[in-house]
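The values are calculated or read from the model by the stated rules, or taken from the named source; none is laboratory data. None of the values given here were measured: they were computed from a predicted structure. Glycine also receives a Cβ, built like all others from the backbone with ideal geometry; neighbour counts cover every protein chain displayed. When the accessible area is computed, the model is the full protein with side chains, heavy atoms only, and any ligands, DNA or RNA have been set aside. Shrake-Rupley method; radii C 1.70, N 1.55, O 1.52, S 1.80 Å.
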Amino acid sequence: MAKNKTVLITGGAKRIGLSICRYLHESGYNLIITYNKSSKEAKAIKKELNESRPISCDIIKMNFKGSTNFTQFYNKSIKLFGRVDVLINNASKFYPTKIEMVNDKKWQDIIDTNLKTPLFLSKVFKNELKKRKGSIINIIDIHADPPLKDHIIYNISKAGLLTLTKSLAKDLAPHIRVNGVSPGAIMWPKQDLSNVKKQKEILSRIPLKRAGGPMDIAKAVFFLIEHSNYITGQNIDVDGGRKLNM
């Protein structure tokens, strides 16, 4: 049991982030969950986890953007449980950007969330994580390489996050381990929920012939936190073998 240890996870109120939160909480971690627009979901998971184990989860509303005061956010986070042992950069923006759609607003929107925020959070939490001999987990994407068609800015952000993971692993060693987890077909994007043809086409290229689930990502994250003291600078593709056929 991870008694008194605390995980900070960005964007943990929904989808894959929510499963990570529940799994780590069951394993004994306290949780600090950031959310932006998912106020209802964030309050619900806070209530659920605190009913299961009192004073074990808190939430912070944050819209990570260019003007974010990361030092202020760090101070607010540390006050909640007095420590942070693991930083999970999970919050992500995902939507198509064909070359004709590329503009400054979309660039800043995606890059600020997917790439800048993980870097700046790692910077402000560096000393705390060093003190705790902690780790950083970045949720990347199998489309960091090869890229996804018509998603130029998103692809750049996730390729950058992969490089950031390796860079941080070098720069923060030997005190802090830094690794990534790249989901494959885990949860269909909202725009693909009714597109059965597209789903079948994707599944046909997965050697295991099935989609994964959010818990597959949660277990990979837990492995990297708890059972991998000699692993850093790595990225685990949790994709049923899909990258073999990309």
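Values computed for the structure shown
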{"item": "Number of the condition not met by residue 42 [criteria: (1) open to solvent by 40 Å² or more (accessible area, probe 1.4 Å); (2) touching a residue at least 12 places away in the same chain (Cβ under 8 Å); (3) under 27 Å from residue 105 (Cβ atoms); (4) small (Gly, Ala, Ser)]", "result": "(1)"}
{"item": "Out of 111, 137, sole residue that is closer than 30 Å to residue 205 by Cα, in a helix (DSSP H, G or I), among the hydrophobic types (A, V, I, L, M, F, W, C) and within 19 Å of the chain's Cα centre (by Cα)", "result": "111"}
{"item": "Residue within region 36-55 that is at pLDDT 95 or above, in a strand (DSSP E or B) and either polar (S, T, N, Q) or touching a strand residue (DSSP E or B) at 6+ places or on another chain (Cβ under 6 Å) (or both) present", "result": "no"}
{"item": "Selected residue (only one of 65, 76, 98, 105 is surrounded by fewer than 17 Cβ atoms within 10 Å (Cβ to Cβ) and either in contact (Cβ under 8 Å) with a residue 60 or more places away in the chain or touching a helix residue (DSSP H, G or I) at 6+ places or on another chain (Cβ under 7 Å) (or both))", "result": "65"}
{"item": "Residue ID - surrounded by the fewest Cβ atoms within 10 Å (Cβ to Cβ), chosen from residues in region 164-184 that are closer than 21 Å to residue 242 by Cα and at pLDDT 95 or above", "result": "183"}
{"item": "From the options 236, 217, 231, residue that is open to solvent by less than 70 Å² (accessible area, probe 1.4 Å), in contact (Cβ under 8 Å) with a residue 24 or more places away in the chain and in a loop (DSSP other than H, G, I, E, B)", "result": "231"}
{"item": "Test: residue in region 20-33 that is part of a strand (DSSP E or B) and among the β-branched types (Val, Ile, Thr)", "result": "yes"}
{"item": "Search result, residues across region 12-21 that are farther than 16 Å from residue 182 by Cβ, within 10 Å of the chain's Cα centre (by Cα) and open to solvent by 10 Å² or more (accessible area, probe 1.4 Å)", "result": "none"}
{"item": "The lone exception for residue 141 - which of (1) surrounded by 23 or more Cβ atoms within 10 Å (Cβ to Cβ); (2) in contact (Cβ under 8 Å) with a residue 60 or more places away in the chain it fails", "result": "(2)"}
{"item": "Among (1) crowded, with 16+ Cβ neighbours inside 10 Å; (2) in a helix (DSSP H, G or I) - the single one residue 187 does not satisfy", "result": "(2)"}
{"item": "Residue ID - modelled with the highest pLDDT, chosen from residues in region 190-214 that are open to solvent by 30 Å² or more (accessible area, probe 1.4 Å), small (Gly, Ala, Ser) and in a loop (DSSP other than H, G, I, E, B)", "result": "211"}
{"item": "Test result for residue 243, more than 20 Å from residue 116 (Cβ to Cβ) and among the basic types (Lys, Arg)", "result": "yes"}
